[in-house]
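The values are calculated or read from the model by the stated rules, or taken from the named source; none is laboratory data. Remember, predicted model here, so these are calculated numbers, not experimental data. Positions of Cβ are backbone-derived with ideal geometry, glycine not excepted, and every protein chain shown enters the neighbour counts. The area values use the complete protein model at the heavy-atom level, side chains included, leaving out ligands, DNA and RNA. Shrake-Rupley method; radii C 1.70, N 1.55, O 1.52, S 1.80 Å.
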Amino acid sequence: MEHDELVPRRRRDRRGRGMRGPAVLPLAAAGHRPPRPRSRRETFDRIMLDVVTAIDARWSDHLGLVEYAVEDAPQLPDDWDSGRVPLSSLVRGSGTTPTRLVVFRRPLEHRAADRTDLEAIVLTIVVEQVAELLGIEPAQVDPRYLADDD
């Protein structure tokens, strides 16, 4: 007998650290893809959709036809002299033209410290614009709205 036959060969766990490599095959091998992390745009769109869905479900009968949109940043004219960047745009519709509410993603993300803060800012912007359309106080549009003096 040779020496190799007497001593069992240990290929794994030489130093007591456990098995090497993955214990489970990757999901791609089973025909699935691992979930990819959401981009900032996807996260913002999800937040906007959640806010708009809740408000539109409550006020759609009073609002009429409203288009909600998200754009990265506002297109400012060359002669823009205000020191502020618009956070949203509201263009009232007439006849068959729907009212269009556009929220600008980048200025809002710039003001938010985290996702919770971003959700609160988006809610505030949308609620204030809808309140202007309806001619009522923002707190009536959504009970989650917090006025500056609260």
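Give me a count of the residues in region 95-105 that are more than 13 Å from Glu67 (Cα to Cα) and modelled with pLDDT under 95. Selection size over region 95-105: 1. Residues considered: Pro37, Pro86. Of these, the only one that is within 20 Å of Glu109 (Cβ to Cβ) and at pLDDT 80 or above is Pro86.
In region 84-104, of all residues being closer than 19 Å to Arg40 by Cβ and aliphatic (A, V, I, L, M), the one that is most open to solvent (accessible area, probe 1.4 Å) corresponds to Val85.
Scanning region 51-83 for residues that are under 14 Å from the mean Cα position of the chain (by Cα) and either without any contact (Cβ under 8 Å) to a residue 12 or more places away in the chain or farther than 21 Å from Glu109 by Cβ (or both) gives a single hit, Thr53.
Within region 47-83, the only residue that satisfies the criterion of being among the polar types (S, T, N, Q) and either more than 24 Å from Ser94 (Cα to Cα) or surrounded by 12 or more Cβ atoms within 10 Å (Cβ to Cβ) (or both) is Ser82. Consider Asp78 carefully, then state whether it is of a type in the set (D, E, K, R), out of contact with any helix residue (DSSP H, G or I) (no Cβ under 8 Å at 6 or more places or on another chain) and within 25 Å of Thr43 (Cα to Cα). No, not satisfied. On inspection, Ala113 qualifies as open to solvent by 30 Å² or more (accessible area, probe 1.4 Å), over 18 Å from Trp59 (Cβ atoms) and not in a helix (DSSP H, G or I). Within region 84-97, the set of residues being under 20 Å from Ile125 (Cβ atoms), assigned to a loop (DSSP other than H, G, I, E, B) and free of Cβ contacts under 8 Å to residues at least 12 places away in the same chain comprises just one member, Arg84.
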